[in-house]
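K.L.:
One structure, pasted below without further comment.
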Amino acid sequence: MSMNATGGEGTFADLGLRAELLDVLSALGYEEPTPIQWEAIPPLVQGRDLLGQAATGTGKTAAFALPMLQRMSRPGDGAGPVTLVLVPTRELAIQVSEAFHRYGRALGARVLPIYGGAPIGRQLQALKRGVDVVVATPGRALDHIGRGTLDLEGLRTVVLDEADEMLDMGFADDIEAILAATPESRQTVLFSATLPPRIDGIARRHLNDPVRIEMGHAAAEGRQTTPLVEQSAYLVARAHKPAALGRLLDIEAPTAAIIFCRTREEVDQLTETMNGRGHRAEALHGGMEQEQRDRVMSRLRAGTADLLIATDVAARGLDVEQLTHVVNYNVPSAPEAYVHRIGRVGRAGREGVALTLVEPREHRMLKAIERVTRQRIPVERLPTVADLQARRMELTRAALEECLLQDDLEPFHAVVESLTDEFDLMEVALAAVKLAHEASGATLDEQEIPEITVRPVDKRRGQREAAPDGERSHRAPAGGMERLFFSLGRSAGIRPQDLVGAIAGESSLSGRDIGAIEIAERFSLVEVPQAAANEVIDALRRSTIKGRRPNVRRERDPRGRRQR
Ligand code: AMP
């Protein structure tokens, strides 16, 4: 893989993308292609088949969406789709079609997500009006093919996105059937976070002399992480990221920190948020004039600002002595970028701290970085409100200690003495500490940030299978997992992929977070991470699976005690 994310190898314009796309990317605040985009876009524009190993967070969606849009000669004109993207879940179908829509708006590209659970009537109408791109879950795509409502005659490209996940969910046969219904001459693109033998099998059968892209090879060769940098990661849902960042900064109290974001937009937004929380934050991105950037840097060096919120491009070559902390507000798009970012601290023998916020769906990217850097990045618990209070108390104590050592307390003697007529000396001290603590701005608006756990992926492989008819397993759920009872089983036509699809579609979990599934005649049991059990129960009670509303609850043993 090229070193683009770290070395500044090229721009989107260098990739030869058309002006409408370049304008959109610039408006979105994308400063440069991610490594996977740099590698994948040229061959895809040429029409080559491609096998890409890329997890969520690498920018893989744009890596296939941009070339597809680039190749559309007359979007908005034809009847049937020219591009069909198959994805494992409805959540991803929506996400990918939104991405296509965002990038292809100026070109007038018509994009349609089709997935189970959504009313089919609207999909039929949209298909009749004509579409350029269809993003579909395999089941529903096959449904439309069977009805003759998805015309694949003019199809030029099929993209299998998150192919390993689709196989895990039992879609192998559906995928084969869909591919069989597409023109032989099509371009076939396969993206997968992992490349197990089954994926290779599909690639061998359906891809024609594909370009292969695997991640992290260049970085693995030129490994150079700084051992002095203390690294940790925190799993946090997207909605809680600003609060999580604020809390980590409160606990860590960096002299100065640089916070990396993906886009200019994100930089600007986060700068505003952090200033609103009382930090002195400055934005730094490629859209700024050199003069503005210089001003920002001198404010940081002078200590007038303590947070620098930046994109990779803007922070390239930056060397600020004051920096003690690097925060990755998202997992970077490639291991190379991670190595490069954390190199901003821990220079010249100084110690540094690198913190990474990880959304559950980015968890695999973190694993990829660990593999490439051959360092473990421990996933830590986010500080709680109690941790924060303890830390603030500690800061107050340190401030008092410093004050005691300064020996300029004489003017306050009379105050204490007059109070001791009436109060105990200890009480006077307590009141003084309370005032000092409150005056330090230790407000307590804080709410707990929900804890998220993601079980290691590999142990779970191959666990997903139905128990023999009617038989109920008494095996305890795997560690950190909770078993949920669903009132729908085989008699309702439920298959493992229906449960995985519903859970992944309705909650923040991805298919990989879900553990063993057992399907009995009249009910099913599904293991989910304990921390997410309530969320899943709430979400699934409000939705339907195969048109029926399940009763969902924690599984209990026959005496009504919760199984552990
Ligand atoms: P993906 O790996 O496709 O899920 O993309 C991860 C995130 O990165 C998405 O939020 C994209 O909008 C964003 N993204 C994709 N390409 C770029 C880029 N070149 N620069 C900045 N952000 C990007």
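K.L.:
So Asp268 passes all but one of these: (1) within 16 Å of the ligand (Cβ to nearest atom); (2) of a type outside the set (A, V, I, L, M); (3) at pLDDT 95 or above; (4) touching a helix residue (DSSP H, G or I) at 6+ places or on another chain (Cβ under 6 Å). Which condition number does it fail?
P.N.:
The failed condition is (4).
K.L.:
Would it be correct to say that Arg316 is surrounded by fewer than 23 Cβ atoms within 10 Å (Cβ to Cβ), modelled with pLDDT under 85 and either farther than 19 Å from Ala244 by Cβ or within 13 Å of the ligand (Cβ to nearest atom) (or both)?
P.N.:
On the way: surrounded by fewer than 23 Cβ atoms within 10 Å (Cβ to Cβ): yes; modelled with pLDDT under 85: yes; either farther than 19 Å from Ala244 by Cβ or within 13 Å of the ligand (Cβ to nearest atom) (or both): yes.
So Arg316 passes the test.
K.L.:
Only residues that are in contact with a Gly (Cβ under 7 Å, 6 or more places away or on another chain) and either surrounded by fewer than 16 Cβ atoms within 10 Å (Cβ to Cβ) or closer than 19 Å to Gly139 by Cα (or both): list them for segment 103-116, please.
P.N.:
Gly108, Val111, Gly116
K.L.:
To continue, here is another question. Looking for whichever is at pLDDT 95 or above, of a type in the set (Val, Ile, Thr) and within 30 Å of Ala516 (Cα to Cα) here; the options are Val135, Val211. Which one fits? Give the steps one after another, and end with the answer.
P.N.:
On the way: Val211 fails: within 30 Å of Ala516 (Cα to Cα).
After applying the criteria, what remains is Val135.
K.L.:
Considering segment 361-395 alone, what residues qualify as being surrounded by fewer than 20 Cβ atoms within 10 Å (Cβ to Cβ) and among the small types (Gly, Ala, Ser)?
P.N.:
Selection gives Ala386, Ala390.
K.L.:
Taking only segment 46-83 into account, find how many residues are buried (at least 24 other Cβ atoms within 10 Å of the Cβ), over 28 Å from Pro332 (Cβ atoms) and either of a type in the set (Lys, Arg) or without any contact (Cβ under 8 Å) to a residue 40 or more places away in the chain (or both).
P.N.:
The qualifying residues number 0.
K.L.:
Continuing with this model, one more query. For segment 289-300, state whether one or more residues are surrounded by fewer than 21 Cβ atoms within 10 Å (Cβ to Cβ) and hydroxyl-bearing (Ser, Thr, Tyr).
P.N.:
For segment 289-300, residues surrounded by fewer than 21 Cβ atoms within 10 Å (Cβ to Cβ) and hydroxyl-bearing (Ser, Thr, Tyr): present.
K.L.:
When you check Leu355 against the structure, is it closer than 27 Å to Gly303 by Cα and touching a residue at least 40 places away in the same chain (Cβ under 8 Å), yes or no? Reasoning before the result, please.
P.N.:
Details: closer than 27 Å to Gly303 by Cα: yes; touching a residue at least 40 places away in the same chain (Cβ under 8 Å): yes.
Yes.
K.L.:
Another one. If the requirement is being among the charged types (D, E, K, R), under 26 Å from the mean Cα position of the chain (by Cα) and within 11 Å of the ligand (Cβ to nearest atom), which of these qualifies: Arg102, Arg90?
P.N.:
On the way: Arg90 fails: within 11 Å of the ligand (Cβ to nearest atom).
Exactly one residue qualifies, and that residue is Arg102.
K.L.:
Being touching a Lys or Arg at 6+ places or on another chain (Cβ under 9 Å) and surrounded by 20 or more Cβ atoms within 10 Å (Cβ to Cβ) is the filter; apply it to segment 168-185 and report the residue that is farthest from Leu124 (Cα to Cα). Steps first, answer last, please.
P.N.:
At the first step, the residues of segment 168-185 found to be touching a Lys or Arg at 6+ places or on another chain (Cβ under 9 Å) are 168-170, 172, 176, 179, 183, 185.
Still in the running and surrounded by 20 or more Cβ atoms within 10 Å (Cβ to Cβ): 168-169.
Numbers: Asp168: 29, Met169: 26 Å.
This residue is Asp168.
K.L.:
Do the conditions hold for Arg341, that is, is it more than 15 Å from the ligand (Cβ to nearest atom) and under 19 Å from Thr255 (Cβ atoms)?
P.N.:
Details: more than 15 Å from the ligand (Cβ to nearest atom): no; under 19 Å from Thr255 (Cβ atoms): yes.
No, not satisfied.
K.L.:
Taking segment 340-356 on its own, how many of its residues are touching a Lys or Arg at 6+ places or on another chain (Cβ under 9 Å) and either surrounded by fewer than 23 Cβ atoms within 10 Å (Cβ to Cβ) or assigned by TED's automatic domain parsing to the domain that holds Thr194 (or both)?
P.N.:
Adding up the residues that qualify gives 2.
K.L.:
Sort out which residues of segment 366-413 are of a type in the set (Asp, Glu) and part of a helix (DSSP H, G or I), and write them in order of number.
P.N.:
Our first condition is that a residue be of a type in the set (Asp, Glu); within segment 366-413, this holds for 370, 380, 387, 394, 401-402, 407-408, 410.
Residues satisfying the conditions are Glu370, Asp387, Glu394, Glu401, Glu402, Glu410.
For every residue, the table says whether it meets (1) at pLDDT below 65; (2) surrounded by 11 or more Cβ atoms within 10 Å (Cβ to Cβ).
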| site | (1), (2) |
| --- | --- |
| Leu435 | no, no |
| Leu444 | yes, no |
| Glu451 | no, yes |
| Arg464 | yes, yes |
| Pro468 | yes, no |
| Arg472 | yes, yes |
| Phe485 | no, yes |
| Ser508 | no, yes |
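K.L.:
If you scan segment 29-44, which residues turn out to be touching a helix residue (DSSP H, G or I) at 6+ places or on another chain (Cβ under 7 Å) and either within 7 Å of the ligand (Cβ to nearest atom) or not hydrophobic (A, V, I, L, M, F, W, C) (or both)?
P.N.:
Looking only at segment 29-44, we keep the residues that are touching a helix residue (DSSP H, G or I) at 6+ places or on another chain (Cβ under 7 Å), and these are 29, 31-38, 40-42, 44.
Once the filter is applied, which keeps residues that are touching a helix residue (DSSP H, G or I) at 6+ places or on another chain (Cβ under 7 Å) and either within 7 Å of the ligand (Cβ to nearest atom) or not hydrophobic (A, V, I, L, M, F, W, C) (or both), segment 29-44 yields Gly29, Glu31, Glu32, Pro33, Thr34, Pro35, Gln37, Pro42.
K.L.:
Can you tell me which residue among Ser491, Ser507, Ser487 is outside the structural domain of Tyr115 (by TED's automatic domain parsing), under 20 Å from the mean Cα position of the chain (by Cα) and not aliphatic (A, V, I, L, M)? If you could, list the steps in order and put the result at the bottom.
P.N.:
Numbers: Ser491 fails: under 20 Å from the mean Cα position of the chain (by Cα); Ser487 fails: under 20 Å from the mean Cα position of the chain (by Cα).
Of the residues listed, the single one that is outside the structural domain of Tyr115 (by TED's automatic domain parsing), under 20 Å from the mean Cα position of the chain (by Cα) and not aliphatic (A, V, I, L, M) is Ser507.
K.L.:
Something else now. So how many residues does segment 405-441 have that are under 20 Å from Glu394 (Cα atoms) and of a type in the set (Ser, Thr, Tyr)? Full working, then the answer.
P.N.:
Initially, segment 405-441 is screened for residues under 20 Å from Glu394 (Cα atoms), giving 405-406, 426-441.
Subsequent filtering for residues that are of a type in the set (Ser, Thr, Tyr) retains 440.
Qualifying residue count for the region: 1.
K.L.:
Taking helices (runs of 4 or more DSSP H) that do not extend beyond segment 223-327, which have at least 3 residues that are more than 30 Å from Ser26 (Cβ to Cβ) and in contact with a strand residue (DSSP E or B) (Cβ under 9 Å, 6 or more places away or on another chain)?
P.N.:
On the way: elements: 241-252, 264-276, 290-302, 312-315.
Fully inside segment 223-327 and qualifying: 241-252.
K.L.:
When you scan segment 33-80, how many residues do you find that are closer than 26 Å to Gly148 by Cβ and at pLDDT 95 or above?
P.N.:
1
The values are calculated or read from the model by the stated rules, or taken from the named source; none is laboratory data. In this text, all values refer to a predicted model and were calculated from it rather than measured experimentally. Cβ sites come from the backbone with ideal geometry, for glycine too, and all protein chains shown count toward neighbours.
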